[in-house]
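The values are calculated or read from the model by the stated rules, or taken from the named source; none is laboratory data. Predicted model, so just to flag it, every value in this text is computed and none were measured. All Cβ positions, even for glycine, are placed from backbone atoms using ideal geometry, and neighbour counts span all protein chains on display.
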Amino acid sequence: MVDRVRLLLDRVAPTHRDAARQLGLDPTKLSKSLNGVRQFTLAEVTRIADLGRVDVRWLLDGQGPGPLEETESRLSDSKDEARRRQYLEAAWDLISERGVHAVRVADIASASGTSAAAVHYYFTGKQEVLEAAMSFAAERAFERQRDELRGEDDAVKRISRLIDSQVPDTEQVRREWSIWLQFWSECALRPELRPVHHLYYARWREAVERTIRRGQEQGVFRRVDPAEVAIRFTSLADGLGIQVMTGSPSMTSSRMRDLLARFVETELLLGSD
């Protein structure tokens, strides 16, 4: 992973000191991590992936979209990536509708209008394609979140949009929640999936934490510990979302939105009692 980090940083900044500045990381810490003296944190790996515009999985284990090596290979790589994405989109749809253990490679091939052998060209087996599809679903959710927040500087409006992005009252968000519920279940049984899950979850918490810090800088949020409140907020959102998705009689999408908005009002907004 360190080699991939080095490769990426060399592409996005003239020096590692410049890269550290762009990452908001102390240059000494970056140097120690690159030399194996210190481990990168989950948050740092996430920021490096975002800076280099690569999939987090590529930094972790070399899987997923990474930086292109040669100009001549770009067309071929683009076609391969488009086909791979086609299979992942089909798997994403099927898993969100049927559940991860009810989807076969043949189903993915049929939904993509191709053969199982063609799918196996890109993925060694069902488990690999399903794991990749769950990671793909998480990336899509974050892309949607970034699009919804783009151009909005007001912290109160940003956190309101974050709440809207998590409430499963549209088909898109319900499908994302379906994938997340299954991802959590799989991680509980398969420890090898946990590092990737932790990275994605850290990104969700960081989005909330950054918004809280922005609100404090803008003078609209209280001087609370942003990391602590972000943990409480995301835990509340997850618990409420699970209740909505499992059809709890006492929890609806609108009530989930109201409870999250109430949390912001009582725990963050200045002037609230």
Practice problem: Report yes if residue 195 is within 24 Å of residue 268 (Cα to Cα) and either part of a strand (DSSP E or B) or touching a residue at least 60 places away in the same chain (Cβ under 8 Å) (or both), otherwise no. | Solution: no
Quiz item: Restricting attention to region 233-268, which residues are exposed (fewer than 14 other Cβ atoms within 10 Å of the Cβ), within 21 Å of the chain's Cα centre (by Cα) and either not hydroxyl-bearing (Ser, Thr, Tyr) or not assigned by TED's automatic domain parsing to the domain that holds residue 159 (or both)?
Solution: 239
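For every residue, the table says whether it meets (1) surrounded by 13 or more Cβ atoms within 10 Å (Cβ to Cβ); (2) in a helix (DSSP H, G or I); (3) at pLDDT 85 or above.
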{"site": "11", "(1), (2), (3)": "yes, yes, no"}
{"site": "43", "(1), (2), (3)": "yes, yes, no"}
{"site": "64", "(1), (2), (3)": "yes, no, no"}
{"site": "67", "(1), (2), (3)": "yes, no, no"}
{"site": "82", "(1), (2), (3)": "no, yes, no"}
{"site": "86", "(1), (2), (3)": "yes, yes, yes"}
{"site": "96", "(1), (2), (3)": "yes, yes, yes"}
Quiz item: Here are 203, 174: which of them is modelled with pLDDT of 90 or more and either outside the structural domain of residue 95 (by TED's automatic domain parsing) or over 30 Å from residue 130 (Cβ atoms) (or both)?
Solution: 174
Practice problem: Starting from residues that are surrounded by 13 or more Cβ atoms within 10 Å (Cβ to Cβ) and not in a helix (DSSP H, G or I), keep the ones in region 105-151 and report whichever is modelled with the lowest pLDDT. | Solution: 123
Self-check item: Residue in region 206-225 that is of a type in the set (Asp, Glu), closer than 28 Å to residue 266 by Cα and outside any helix (DSSP H, G or I) present
Solution: yes
Quiz item: Can residue 43 be described as small (Gly, Ala, Ser) and under 18 Å from residue 197 (Cα atoms)?
Solution: yes
Quiz item: Of all residues in region 106-150, which are without any contact (Cβ under 8 Å) to a residue 60 or more places away in the chain and within 13 Å of the chain's Cα centre (by Cα)?
Solution: 133, 134, 136, 137, 140, 141, 143, 144, 146
